[in-house]
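Nothing in this text is a laboratory measurement; each read-out follows from the coordinates by a stated rule. Everything numeric here is computed off the predicted structure, so don't read it as measured data. Note that each Cβ is placed from the backbone with ideal geometry, even for glycine, and that neighbours are counted across all protein chains shown.
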Amino acid sequence: MSIAAVWSEDSLAHDPKGEVWIGVLIEGDEIAERGNVMKGVIDDLGLEVVEPDNHDDAAIAAVHDPGMVEYLRTAYDEWVEAGYPDAPGQDRVVAYAFRNPGAFGYLPDRLPRSRAAMAGVYCFDTCTVLGPNSYRGIRYAVDAALTAANLVVDGGQSAYAAVRPPGHHAGTDYFGGSCYLNNAAIAANHMSTVTGTRVGIVDIDAHHGNGTQQIFYDRTDVVYTSIHIDPGEGWFPHWCGFADERGSGIGEGSNRNFPLRPGSGDEIFVDAVAAAADLVIEKGCELLVVSLGVDSGATDPNSPLLVSTSGFGRVGTLLAEAGLPTVLVHEGGYSLPDLAADTSAVLAPFSGS
Ligand code: SP5
Ligand code: ZN
């Protein structure tokens, strides 16, 4: 078994400097240091490090609204231009008003004149802010995921994209939940397109990947499965991730959610991952993308799931034993010591250790 790792210092570029939650600026846990922790995991496992290649926007445009991509590229500079860092003193792009479809959806779409209002066009929460180097980090994460995807498409056994910011909450024309562009979905779509074979996604992040689900909901060429804290128990992303979301049209049956109760530990989590992997195999997927979040770990501040490091080791073993060429794209995981130990536990079986 062998696994390559894609990483560069651009994994540190995006610095949200906290997040705005219920109107309060809180510390936030999707911090730049996470990029260094991922590099530490790669070095400890002795994995070969590959620098990400630059890709043009085509693979992104195949998944996301180009208007949103252009917005993400320019939003911070436009925000500074509009003067908000001086008055009222906000140096991050933060939304205040949202285009609720019930209120405005019956009218033709119009982009607002105000840059403050623009901040609420594509973003669905107040937590997911943009700063001076954010777009460099956002693009890094996509390039690294595509580089990992190409390593596997070109015959590599497996590849780990050590990326932040994460991606699975971002969909066709919206972003949020600390995610901007959907790195794993862009990689999976690219792999499906260039190989013409079916791709399975197993999303083990503690939260439901609402963006990934939406992107592939009516398709059969990419099968989405997710194991996560039950949104019905009051957890992000709140509006989806329920078991009865099974796909639509020809995609019916190609989407499967495993919402878990608060306090669920290794046995329940590993069983759900096994069932997800079984579905991916049953559906005839020939390639696997793992949305590798470890925020289901026992000490993580962002979820009440209680998976142990040895539980993550079992998850890694059963995903590696599925035997498919696999791309692992990092998502969440916010308790730094556990981020290191749990990520390492998932990757080790792919490296043969
Ligand atoms: C990729 C990923 O794991 N995103 C998760 C984003 C969840 N954000 C929800 C925001 C909730 C803010 N938590 C405040 C905790 C205060 N005790
Ligand atoms: Zn998460």
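Miscellaneous remarks
- For the chain, alpha-carbon Rg over 2.2 N^0.38 Å: 0.93
- The largest-to-smallest principal axis extents of the Cα set in the stretch 121-216 are 41, 26, 23 Å.
- Per residue, the convex hull volume that the Cα atoms of the stretch 38-107 enclose (Å³): 209
- Other residues with beta-carbon under 10 Å from the beta-carbon of ALA243 carry, at +1 per Lys or Arg and -1 per Asp or Glu, a net charge of -1.
- Neighbour net charge for ILE227 - beta-carbon separation under 9 angstrom, K R +1, D E -1: -2
- Rounded to 5, the percent of DSSP beta bridges in the chain classed as antiparallel: 15
- Listed values for the stretch 200-212 are Karplus-derived 3J(HN,Hα) couplings in whole Hz (6.51 cos²θ - 1.76 cosθ + 1.60, θ = phi - 60°), namely x, 10, 10, 9, 9, 4, 5, 9, 5, x, 4, x, 5, and x replaces Gly and Pro.
- Cα→Cβ-extended label distance, 7 Å offset, between ASN54 and VAL80, nm: 2.0
- Ordering of 260-271, 177-188 by packing [mean C-beta count within 10 Å, highest first]: 177-188, 260-271
- Farthest positive-ward along the chain dipole, Cα basis, beta-carbon charges - from THR195, ALA87, MET1: ALA87
- Ranked by how many other beta carbons lie within 10 Å on average, peptides 208-218, 115-125 from highest: 208-218, 115-125
- Sorting the segments 157-168, 40-51, 191-202 by their residues' average number of neighbouring beta-carbon atoms within 10 angstrom, most packed first, yields 157-168, 191-202, 40-51.
- Three principal axis lengths of the stretch 257-353 [C-alpha, angstrom, descending]: 36, 28, 19
- Taking amide H as placed 1.01 Å from N in the peptide plane, ALA298 has its amide H under 5 Å from the amide H of VAL307, each at least 5 places away in sequence or on another chain.
- Using the Cβ of PHE175 as centre and a radius below 12 Å, the other residues enclosed give a net charge of -3, where K and R count +1 and D and E count -1.
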